[in-house]
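Okay, structure first, notes after.
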Amino acid sequence: MIWYEDEVQRVELEKSRLAYEPKTIFYGSSSIRLWTTLYEDFKSLHPVNLGFGGSTLAACVWFFERILPAYQPERIVFYAGDNDLGDGRHPEEVFIFFQQLTVQVRTRFPHTSFYFISVKPSPSRWNMINNIYYTNTLVKNAIEKQGLPFHYISIVEPMLNSAGLPVKELFQEDGLHLSDKGYEIWKKVVLTYLLQNP
């Protein structure tokens, strides 16, 4: 995990840049880190962006106790799993990391709402879409079984066209990272869900 060190050190300084006490943690991979409008999009929820580039769900578990204990959030919004699958991990292995993360959340933040954003269906990883769907199903079923304060937010359907394929305009040229239009979709879906399910 040493290759994440520079990014993690950057994230550790994020709180010192804010003029308020964060109430909403956004934690996860580059889909969180590159969300340049996040602070404005979720201004009313007093957010902090703790995403670090290239991170896997496994890495988020690894650095959880280093990054998150500095906060006392009302909610945690999480996105990762994409890069684990891209690295060749099986959905059931990714799910094990998710289970480890839920234990960390329950232990450290027992009264904090936790929102898992589903793994996105990107053009560059369309060859593994079955694994993406399988991972999402495993997580969704687990969250439904354990109930509150855990939530599952699906961003799959709004990112697909009528043929069931990813809308290319929602992604950058690499077919993996979100475009401004992609983040507009995420903002609408995530913010609506957070406000309706506090």
### Message
Which of the numbered conditions does LEU85 fail, given that it passes all the others? Conditions: (1) in contact with a Phe, Trp or Tyr (Cβ under 7 Å, 6 or more places away or on another chain); (2) part of a helix (DSSP H, G or I); (3) not aromatic (Phe, Trp, Tyr).
### Response
(1)
### Query
Is it the case that some residue within the range 54-65 is closer than 19 Å to TYR183 by Cβ and crowded, with 16+ Cβ neighbours inside 10 Å?
yes
### Query
What residue, among those in the range 99-118 that are outside any strand (DSSP E or B) and touching a strand residue (DSSP E or B) at 6+ places or on another chain (Cβ under 8 Å), is nearest to CYS60 (Cα to Cα)?
LEU101
### Task
Give the residue, chosen from GLY28, GLY53, that is touching a residue at least 24 places away in the same chain (Cβ under 8 Å), of a type outside the set (D, E, K, R) and in contact with a Cys (Cβ under 9 Å, 6 or more places away or on another chain).
GLY28
### Task
Go through the residues of the range 179-193 one by one and say whether even a single one is touching a Lys or Arg at 6+ places or on another chain (Cβ under 9 Å), of a type in the set (S, T, N, Q) and within 30 Å of ARG108 (Cα to Cα).
no
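Each row is one residue, and each column tells you yes or no for (1) charged (D, E, K, R); (2) under 17 Å from the mean Cα position of the chain (by Cα); (3) in a helix (DSSP H, G or I).
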| position | (1), (2), (3) |
| --- | --- |
| SER162 | no, no, no |
| LEU176 | no, yes, no |
| VAL190 | no, yes, yes |
| TYR193 | no, yes, yes |
### Task
Tell me, yes or no, whether the range 90-98 has at least one residue that is within 24 Å of TYR134 (Cα to Cα), more than 13 Å from the chain's Cα centre (by Cα), modelled with pLDDT of 95 or more and in a loop (DSSP other than H, G, I, E, B).
yes
### Message
I need a count of the residues in the range 143-159 that are of a type outside the set (Phe, Trp, Tyr), touching a strand residue (DSSP E or B) at 6+ places or on another chain (Cβ under 8 Å) and modelled with pLDDT of 95 or more.
### Response
7
### Summary
If we ask which residues in the range 166-198 are among the hydrophobic types (A, V, I, L, M, F, W, C) and either without any contact (Cβ under 8 Å) to a residue 40 or more places away in the chain or exposed (fewer than 13 other Cβ atoms within 10 Å of the Cβ) (or both), their number turns out to be 5
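The values are calculated or read from the model by the stated rules, or taken from the named source; none is laboratory data. Since the model is a prediction, treat every value here as computed from it, not as a measurement. Please note: Cβ atoms are built from the backbone with ideal geometry, for glycine as well, and neighbour counts cover all protein chains shown.
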